[in-house]
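Each remark here refers to the structure printed beneath this line.
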Amino acid sequence: MSDQTGTHGLDTSGSMPRRQTRAVRVGDVYIGGSNPVVVQSMINEDTLDVDGCVKAIRELHEAGCEIVRLTVPSMAHAHAVGFIKQRLQETYRDVPLVADVHHNGMAIALEVAKHVDKVRINPGLYVFEKPDPTRTEYTPRDFQVAAAKLKETLRPLILSLKEQDKALRIGVNHGSLSERMLFTHGDTPEGMVESALECVRVCRELDFHNLVISMKASKVSVMMAAYRLLARRLDAEHMDYPLHLGVTEAGDGEYGRIKSSIGIGGLLAEGLGDTIRVSLTEHPLKEIPVCYSILQALGLRRTMVEYVACPSCGRTLFNIEEVLHVVRDATKHMPGLSIAVMGCIVNGPGEMADADYGYVGKSAGKISLYRGREEIRTVPESRGVAELIALMKEDGVWVDPPAPPGAAAGAPSDGNGSAAPIAAGGGGAEKRQTAGAT
């Protein structure tokens, strides 16, 4: 077998084998195992606004969000979640819900666990004590006492989730490590990992394994280092719990998307990650197309058409940017296809070899149409897109686009002027996850 490992120990085969994890059920969705990477988001409505939350959750789910999180800061909010879950079941469907519980939230978590499919806790805040400005050290005994308190507080929640066959996310945030972790490990990825593993060990002592773990930070380098270290530590202790990836507080606009794509995409490319959330300071609906675009770019999920197009150069004899938009508008409703638009025949045919269909500049006013690597015919540029569609029809591939429904208005954009190509619950061209997946 040829050596496919580069000089830095990196796999150069082009494949992306995923870290083997157990499947954890969250409602009717499975995270980990052989299942596709799951897309998540979080609504920003006040959880006491039952109608507003139901509307927001439904909109996210219809846009392709497979698991929806909501904040539960008080007991009143925990009770409201029960009404939200019931209303969704009555008026729409049962959407997998996650409750976000923070400061000293044991009683809240125990109540809301009755109504959701997963509870998320932050180890640094779940047993929250204000930092002592006069403290200069944490003795081993101090550390053990605090760890015992965390274990005592976690135990009832873990037993409740175990009895109900529900899931727990141990969600560590770089910015909210406990004082004792900061004293012992510093504001570091090591501190984040130790914070998570402390909770994991409590779960294992109670034979509870419906766990998902996250290591979020606003700094991409810290986030990536924490997940890599966590994966190594889990594997060393033969723990196969799935990972939830995200860059927290990524911001908005292009830069927020770039930060998320580098952090999340970089780890996915290394085989780490079973579910993702892109956190933007924008409407949550705008997070969903970014998630699916990251997964599509890595070949992990095919939920839209893959377009291959060159950047153009002096050899290009037609307006490739304009043609690409026309081709996209005509074909974007056929997820799973790969279509190339290339400026000339010098590099075009070779660089688009993996595409299902190709549109390549041939000469002034002429373009060639390809099926895979095979050149099918040369046609006038003015007829290029129509002939491309005709070729697809000849092959039995073409399907007519759906009539533009009124509901399409306001759908999230994919950044290219197209509606997000995902049906409710992450449909598209993919097969849905199954309960039998492991």
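Bear in mind these aren't lab numbers, they're just calculated from the coordinates by the rules spelled out. Not measured: the values here are computed from a predicted model. Reconstructed Cβ throughout: ideal geometry from the backbone, glycine too, with neighbour counts over all protein chains shown.
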Among Glu351, Glu375, Glu321, the single one that is under 30 Å from Glu282 (Cβ atoms) and not basic (Lys, Arg) is Glu321
Within the range 220-255, residues under 18 Å from the mean Cα position of the chain (by Cα) and surrounded by fewer than 15 Cβ atoms within 10 Å (Cβ to Cβ) come out as Asp252, Gly253, Glu254, Tyr255
Restricting attention to the range 188-234, the residues that are closer than 22 Å to Ile262 by Cα and not aliphatic (A, V, I, L, M) number exactly 11
Of the conditions (1) surrounded by fewer than 23 Cβ atoms within 10 Å (Cβ to Cβ); (2) touching a strand residue (DSSP E or B) at 6+ places or on another chain (Cβ under 6 Å), the single one that Pro140 does not satisfy is (2)
Check your understanding: When you look at Val112, is it under 18 Å from Ile213 (Cβ atoms) and crowded, with 17+ Cβ neighbours inside 10 Å, yes or no?
Key -> no
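Quick grid of which residues meet (1) assigned to a loop (DSSP other than H, G, I, E, B); (2) in contact (Cβ under 8 Å) with a residue 40 or more places away in the chain; (3) polar (S, T, N, Q):
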| site | (1), (2), (3) |
| --- | --- |
| Ala99 | no, no, no |
| Leu110 | no, yes, no |
| His115 | yes, no, no |
| Pro156 | no, yes, no |
If we ask which residues in the range 165-191 are buried (at least 20 other Cβ atoms within 10 Å of the Cβ) and among the β-branched types (Val, Ile, Thr), their number turns out to be 2
